[in-house]
Amino acid sequence: MPEDSLTVTDNRTGKSYELPIDHGAVRAMDLRQIKTDENDFGLMLYDPAFMNTASCRSAITFIDGDRGILEYRGYPIEELAAHCTFLEVAYLVLFGALPNPSELDHWVYEISHRTMLHETTKKFMEGFRYDAHPMSMLISTVAALSTIYPNARQIGDPEVRLRHIKRLIGKMPSIAAMSYRHSVGFPYVYPDNDLSYTENFMNMLWKMVEPKYAANPVLAHALDVLFILHADHEQNCGTHTMRSVGSAHADPYLAVASAASALSGPLHGGANEEVIRMLEEIGVVENVPAHIEKVKNGKGKLMGFGHRVYKNYDPRAALIKKIADEVFKVTGYNRKLEVALELERIALSEEYFIKRKLYPNVDFYSGLIYQAIGFKPEMFTVLFAIPRTVGWLAQWQELVVDAEQKIARPRQIYTGARGLRVAPITERVAGAGIR
Ligand code: ACO
């Protein structure tokens, strides 16, 4: 019997089956042979929320949640944050190797020359209400780009794919900035290709009447590092959506819009907004112990703490904490940071949090930095979507060339009625349906 295998005995029939184990997994389809008789469909896996199901092989992002490790293409996130720009990391995530100087120059040129938007984009934007949420505007406008680039549907052509990957990475900050300017009623600002990716984003957000926008280098660097930390995070809800929609061969604009829609949910990309709200509610350091007690007594959660995968300090949170110091030196003292540090100090020494392995996650400090840089909370998820577009596209590209992948189509366990007859309308019982 091969060592890398699993023997399963079906107690209904007494039969045993040997299932190969590969990379710590058995194939769900290998269970299908396990049947009670010829007419039985065969055994399935039931895994709501995909708690323990791998849906792909991927060589992009590695996470060891117990040890607090995050790597893109084998490089620890700490290395990348210390030595690379966001566009270098984007190149790495997409192509699997860091660029050399000429590759990087070419890449930066290719992205920065795709930041302009078709003029009709302004018209879509003008159609949004004055109080439209920036994330909803971003999602709708990215989807609308599909109307401008109909050949993006040719997803089997590697050159076409690459062209649209570059377009999406180039245009996301432009659309994000337009969403912000629309929400505050300012005129749109055109991109400035002399500036770095993040400086140009800041230019499109905040340039007013000055002839040339000059970003504060500390804040631009902080934003660049935050973008690096958010570039990919393997098979989370948004990425899974990208792969699922992509598996139907939808074009990348529509697939990115779908992934961003998943990200917009408060359980996914919106937690840092909640952290800000919580810190405001606590107000001062003296109120922290009472808040911790409330959480321990089951009255609410400590927002920005805990993670489905990390059962250790989220490595991104550790890096963000360091950047926070640099940012606050520029933007000035922030009482909320003091409250956050005290919350973390007490929480990490409390049995409740230690026992449950609850540590600060990426959202605990990121909202504070974003707010200090000048973003309103409604923009936080938009800021997440810009860098994550790189991860979505890398995952999409990996999916498209993976011969094992097909259209995503989970099974279900049917629990409803069967074989009913339609009663004449006058004989039907009122209020019989599910409410
Ligand atoms: N504060 C207090 N208690 C918590 C917290 C928290 N932040 N998170 C989890 N717990 C407790 C749960 O109540 C549970 O306790 P119990 O065993 O007594 O019932 C235990 O820890 C395990 O929690 P689960 O909910 O089972 O963990 P899960 O992996 O499903 O949830 C999640 C992870 C959703 C992130 C959760 O920790 C949470 O809600 N945190 C706050 C919101 C947040 O910060 N989300 C951002 C995540 S990072 C990101 O998505 C980019």
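The values are calculated or read from the model by the stated rules, or taken from the named source; none is laboratory data. Bear in mind that the values here come from a model prediction, so they are computed numbers and not experimental data. We place every Cβ from the backbone using ideal geometry, glycine too, and count neighbours over all the protein chains shown. For the accessible areas, the whole protein counts, side chains as well, though only heavy atoms, and no ligand, DNA or RNA atoms are used. Shrake-Rupley method; radii C 1.70, N 1.55, O 1.52, S 1.80 Å.
From the list E293, E234, E274, which residue is outside any loop (DSSP other than H, G, I, E, B) and more than 9 Å from the ligand (Cβ to nearest atom)? Steps first, answer last, please.
Numbers: E234 fails: outside any loop (DSSP other than H, G, I, E, B); E274 fails: more than 9 Å from the ligand (Cβ to nearest atom).
Answer to the selection: E293.
Given (1) open to solvent by 20 Å² or more (accessible area, probe 1.4 Å); (2) touching a residue at least 24 places away in the same chain (Cβ under 8 Å), where does I60 come up short, assuming only one miss?
All conditions are met except number (1).
What is the one condition in (1) of a type outside the set (V, I, T); (2) part of a helix (DSSP H, G or I); (3) within 16 Å of the ligand (Cβ to nearest atom); (4) open to solvent by 30 Å² or more (accessible area, probe 1.4 Å) that A262 does not satisfy?
The number of the failed condition is (4).
Could you tell me which of the residues G42, G68 is surrounded by 11 or more Cβ atoms within 10 Å (Cβ to Cβ) and either in contact with a His (Cβ under 7 Å, 6 or more places away or on another chain) or under 30 Å from L92 (Cβ atoms) (or both)?
Details: G42 fails: either in contact with a His (Cβ under 7 Å, 6 or more places away or on another chain) or under 30 Å from L92 (Cβ atoms) (or both).
Answer to the selection: G68.
With respect to L393, determine if the residue is more than 16 Å from the ligand (Cβ to nearest atom) and under 13 Å from the mean Cα position of the chain (by Cα). Break it down into steps so the answer makes sense when it comes.
On the way: more than 16 Å from the ligand (Cβ to nearest atom): yes; under 13 Å from the mean Cα position of the chain (by Cα): yes.
Yes; evaluated as a whole, the condition is true for this residue.
T426: modelled with pLDDT of 95 or more, closer than 30 Å to N216 by Cβ and either assigned to a helix (DSSP H, G or I) or touching a Pro at 6+ places or on another chain (Cβ under 8 Å) (or both), yes or no? Step through it out loud before you land on a result.
On the way: modelled with pLDDT of 95 or more: yes; closer than 30 Å to N216 by Cβ: no; either assigned to a helix (DSSP H, G or I) or touching a Pro at 6+ places or on another chain (Cβ under 8 Å) (or both): yes.
For T426, the condition - modelled with pLDDT of 95 or more, closer than 30 Å to N216 by Cβ and either assigned to a helix (DSSP H, G or I) or touching a Pro at 6+ places or on another chain (Cβ under 8 Å) (or both) - is not met.
Of the residues that make up the stretch 297-318, is at least one β-branched (V, I, T) and buried (at least 20 other Cβ atoms within 10 Å of the Cβ)? Spell out how you get there, then give the answer.
Within the stretch 297-318, the subset β-branched (V, I, T) is 309.
Next, from what is left, pick out any that are buried (at least 20 other Cβ atoms within 10 Å of the Cβ): none.
There is no residue in the stretch 297-318 that is β-branched (V, I, T) and buried (at least 20 other Cβ atoms within 10 Å of the Cβ).
Please specify each residue of the stretch 344-367 satisfying the condition of being crowded, with 22+ Cβ neighbours inside 10 Å and not in a helix (DSSP H, G or I).
Y359, P360, N361, V362
So for the stretch 120-131 (the condition being more than 21 Å from A176 (Cβ to Cβ) and surrounded by 14 or more Cβ atoms within 10 Å (Cβ to Cβ)), does at least one residue qualify?
Initially, the stretch 120-131 is screened for residues more than 21 Å from A176 (Cβ to Cβ), giving none.
No - not one qualifying residue is present in the stretch 120-131.
Would you confirm whether or not the stretch 127-143 contains a residue that is among the basic types (K, R) and in a loop (DSSP other than H, G, I, E, B)?
At the first step, the residues of the stretch 127-143 found to be among the basic types (K, R) are 129.
Next, only the ones that are in a loop (DSSP other than H, G, I, E, B) stay: 129.
Yes, the stretch 127-143 contains at least one residue that is among the basic types (K, R) and in a loop (DSSP other than H, G, I, E, B).
Pull up the stretch 368-388, narrow it to residues that are small (G, A, S) and either assigned to a loop (DSSP other than H, G, I, E, B) or at pLDDT 95 or above (or both), then point me to the one that is nearest to the ligand (Cβ to nearest atom).
Within the stretch 368-388, the first condition is being small (G, A, S), and the residues that meet it are 372, 374, 385.
Filter again for either assigned to a loop (DSSP other than H, G, I, E, B) or at pLDDT 95 or above (or both), leaving 374, 385.
Values: G374: 22, A385: 12 Å.
Checked the stretch 368-388; the qualifying residue nearest to the ligand (Cβ to nearest atom) is A385.
Looking for something in contact (Cβ under 8 Å) with a residue 40 or more places away in the chain, out of contact with any helix residue (DSSP H, G or I) (no Cβ under 9 Å at 6 or more places or on another chain) and either in a loop (DSSP other than H, G, I, E, B) or within 15 Å of I386 (Cβ to Cβ) (or both) - is there at least one such residue anywhere in the stretch 192-209?
no
Name the pairs: first residue in the stretch 351-364 and within 20 Å of N297 (Cβ to Cβ), second residue near the ligand (Cβ under 7 Å from one of its atoms), Cβ to Cβ under 6 Å, at least 6 apart or on different chains?
Listed by first residue and then by second, the contacts come to L358/F305; L358/G306.
I'm told D251 meets every condition in (1) away from the ligand (no atom under 11 Å from the Cβ); (2) surrounded by fewer than 20 Cβ atoms within 10 Å (Cβ to Cβ); (3) not polar (S, T, N, Q) except one. Can you identify the failing condition by its number?
Unmet condition: (2).
Search the stretch 214-231 for residues that are part of a helix (DSSP H, G or I) and pair each with any residue that is among the polar types (S, T, N, Q) when their beta-carbon atoms are under 7 Å apart and the residues are at least 6 apart or on different chains.
Between residues of the stretch 214-231 that are part of a helix (DSSP H, G or I) and residues that are among the polar types (S, T, N, Q), the close pairs are A220/S196; A220/T198; L223/T198; D224/T85; D224/T198; L226/S366; F227/T198.
Return the pair list, or none, for Cβ contacts closer than 8 Å from residues in the stretch 4-29 that are in contact (Cβ under 8 Å) with a residue 24 or more places away in the chain to residues that are part of a strand (DSSP E or B) and open to solvent by less than 60 Å² (accessible area, probe 1.4 Å), at least 6 apart or on different chains.
Listed by first residue and then by second, the contacts come to V8/Y17; V8/L19; D10/Y17.
From A317, A324, grab the single residue that is in a helix (DSSP H, G or I), at pLDDT below 95 and out of contact with any Pro (no Cβ under 6 Å at 6 or more places or on another chain).
Numbers: A317 fails: out of contact with any Pro (no Cβ under 6 Å at 6 or more places or on another chain).
A324 is the lone residue from the list that is in a helix (DSSP H, G or I), at pLDDT below 95 and out of contact with any Pro (no Cβ under 6 Å at 6 or more places or on another chain).
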